[in-house]
Amino acid sequence: DTGVSQDPRHKITKRGQNVTFRCDPISEHNRLYWYRQTLGQGPEFLTYFQNEAQLEKSRLLSDRFSAERPKGSFSTLEIQRTEQGDSAMYLCASSLAGRDNQPQHFGDGTRLSIL
Amino acid sequence: SQKIEQNSEALNIQEGKTATLTCNYTNYSPAYLQWYRQDPGRGPVFLLLIRENEKEKRKERLKVTFDTTLKQSLFHITASQPADSATYLCAPILTGGGNKLTFGTGTQLKVEL
């Protein structure tokens with residue numbers, strides 16, 4: 001069990017640029033979640049996948065945000081035309097499917113800073 | 001709307017004492033509640049799950065209670081140590097929600113020597 005890994009750990013970019021983050025979940029986990037966390041707040045749910053199917057995306061913050069999990073393994077989160085307000089920590093988590101009480105295993109996040 | 005409240009002010013306690021953190025929720029009837037620990041610059045780490053029909057759950061020095069009448073969960077750390085210093089997050093979970101978590105703001109705990 002190598003844990004959930006996220007890449008990059010830090011991303012600094014200029015406003016208006018596109019950014020893409022990658023998440024590699026625990027290999028046997030079929031659910032994958034994306035969250036955003038700002039300073040002093042708990043993580044905020046964005047979207048999740050079961051295998052390659054994106055089961056909820058209504059919480060994505062705007063149409064500039066999109067996520068994929070093409071083969072049911074790793075996932076990417078893309079933000080287009082970044083804005084100052086997008087600066088945050090983006091966390092990925094994975095879990096087994098099944099009952100709704102499965103613990104989630106989080107990566108250490110990608111910290112995004114918009115100049 | 002659903003709301004989760006945790007002590008927003010940091011909790012400072014002395015080593016060896018019991019820390020008690022509170023999680024209150026409104027407009028919610030969660031079937032489960034999870035507690036996570038988060039260290040600075042790291043992702044949350046799962047600690048404990050308690051079900052609505054369980055009053056109390058223990059794991060080593062940790063104890064969680066779940067009062068569905070008061071709509072409150074208490075998280076206790078006994079014999080606290082400086083290594084317990086972190087932010088603790090609660091996440092009530094509804095059934096049928098796909099296990100997506102809605103977190104409280106977290107309470108920062110600092111255990112002093």
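Remarks
- Each residue of segment B:13-21 was assigned a 3J(HN,Hα) from its phi angle through the Karplus curve 6.51 cos²θ - 1.76 cosθ + 1.60 (θ = phi - 60°); the sequence is 9, 8, 3, x, 7, 9, 8, 10, 10 Hz, with glycine and proline shown as x.
- Among the GluC sites (Glu not before Pro) in segment A:1-53, those placed in a DSSP loop whose Cβ has at most 14 other Cβ atoms within 10 Å are A:Glu28, A:Glu52.
- Neighbours of A:Cys23 by Cβ distance under 10 Å: Lys/Arg scored +1, Asp/Glu scored -1, total 0.
- Above-threshold pairs, the threshold being 21 Å between Cα atoms, out of B:Lys3/B:Lys110; B:Lys3/B:Lys71; B:Lys63/B:Lys110: B:Lys3/B:Lys110
- Segment B:1-84 shape via C-alpha gyration tensor axes, a/c threshold 1.5: prolate
- A Förster distance of 35 Å, applied to the separation of the beta-carbon atoms of B:Glu9 and A:Ser5, puts the FRET efficiency at 0.55.
- Taking amide H as placed 1.01 Å from N in the peptide plane, the amide H of A:Arg64 sits under 5 Å from none that are at least 5 places away or on another chain.
- Per-residue HN-Hα couplings for segment A:88-96 [Karplus 6.51, -1.76, 1.60; θ = phi - 60°; Hz; x = Gly/Pro]: 4, 9, 10, 10, 10, 9, 9, 7, 6
- FRET E, pair B:Arg51, A:Lys14, Förster distance 41 Å, beta-carbon r, rounded to 0.05: 0.30
- For the pair segment B:1-69 / segment A:68-115, the C-alpha centres are spaced 23 Å from each other.
- Cross-link partners for A:Lys57 among the lysines, with Cα-Cα distance under 20 Å and sequence neighbours closer than 8 places in the same chain left out: A:Lys71, B:Lys100.
- Annotation for A:Leu115 and B:Lys59: the two label points, set 7 Å from Cα along the Cα-Cβ direction, are 4.2 nm apart.
- Average beta-carbon neighbours from other chains, 10 Å sphere, peptide B:35-42: 3
- Summary value for chain B: 36 percent relative contact order, contacts being C-alpha pairs under 8 angstrom separated by 6+ residues.
- Descending Cα extents along the principal axes, chain A, whole Å: 40, 24, 24
- Accessible-area composition of segment A:18-66, carbon plus sulfur, in percent [1.4 Å probe]: 41 percent
The values are calculated or read from the model by the stated rules, or taken from the named source; none is laboratory data. No experiment lies behind these values; they were computed from the predicted model shown. Neighbour counts are summed over all protein chains in view; Cβ atoms, including those assigned to glycine, are modelled from backbone coordinates with ideal geometry. Ligands, DNA and RNA are excluded from the accessible area calculation, which covers all protein heavy atoms including side chains. Shrake-Rupley method; radii C 1.70, N 1.55, O 1.52, S 1.80 Å.
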